[in-house]
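Quick notes on the structure that follows.
The values are calculated or read from the model by the stated rules, or taken from the named source; none is laboratory data. Everything quoted here is computed from the prediction, not taken from an experiment. Cβ atoms come from the backbone with ideal geometry, glycine included; neighbour counts cover every protein chain shown.
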Amino acid sequence: MENLMSENFAQFQDRINYLEATDPVSMALGTLYLEGASILDTQDRQGALHFYDRAEDIFRKHQQGGNSALSGEQPPLHSRHAKSALALCLNNRAALLVDMAQWDAARRAASEAVTLRRDLLNADWSQSKTPVQDPALYKSLRADLVYSLGALARAHAGEGNFPAALATCHDALMLLRPVADDKTDPAFGLLGKMTAFYSQVCALAGQKPDPALLFPLLQGLAAQKRTPE
């Protein structure tokens, strides 16, 4: 199995080498760097961070609009794709840094991911439907934002900043309120995790969970568990 993984990664590296030589600022290369980071995430964390650095550099250039002509897309649409890719890169980097207990770096990456994903959730795009007009897109973007808020809350808690962690959890749980009534929502699986983490941070901070915040969520979860598949 290890030899197979090494062989597959060698082939993957060949693809990276080709794009580095032929199209070194392409979104395709940035996406490959992200895939490489995911492959190395549990085996070589420094190697994964190196790939995240490279991906972030490419996505930032595209998000700023400097290379939009390379994509063949109109600049606003291209910038949105680049912003989404940059947010994913920062989110995944933050999650890895949390696992490494590098709290300050994790907080900074997660905070920027939250900002980008909140912008995407609230955006009014001129060349496509807004998220509110496209429910499936809106739900997907909301789930992305909750993931990043979760990473940010964990980073705050790791730093011992429990008020900030609780405020971030509150933000995430408010976003999840409508999700409690819909088990098909992509963020539904985050409900249990976020409510449990919020309760843990409350215990660390020496305060009781807010029943007004938790009750609608737990009530929705209980109702969904009673609903037949």
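Data table
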| item | result |
| --- | --- |
| First in the stretch 54-76 and closer than 13 Å to Leu86 by Cβ, second anywhere and at pLDDT below 90 and buried (at least 20 other Cβ atoms within 10 Å of the Cβ), Cβ under 7 Å, 6 or more apart | His62/Ser68; His62/His78 |
| Every residue from the stretch 40-53 that is assigned to a helix (DSSP H, G or I) and either surrounded by fewer than 17 Cβ atoms within 10 Å (Cβ to Cβ) or not assigned by TED's automatic domain parsing to the domain that holds Glu20 (or both) | Arg45, Gln46, Gly47, His50, Asp53 |
| Sole residue being at pLDDT below 95, buried (at least 21 other Cβ atoms within 10 Å of the Cβ) and either at positive phi or within 14 Å of the chain's Cα centre (by Cα) (or both), chosen from Ala187, Ala106, Ala151, Ala110 | Ala187 |
| Residue that is surrounded by the fewest Cβ atoms within 10 Å (Cβ to Cβ) [pool: residues in the stretch 85-98 that are without any contact (Cβ under 8 Å) to a residue 60 or more places away in the chain and over 13 Å from His156 (Cα atoms)] | Leu88 |
| Members of the stretch 207-223 found to be out of contact with any Asp or Glu (no Cβ under 7 Å at 6 or more places or on another chain), closer than 16 Å to Asp182 by Cα and surrounded by 12 or more Cβ atoms within 10 Å (Cβ to Cβ), listed by number | Pro216, Leu217, Leu218, Gln219, Leu221, Ala223 |
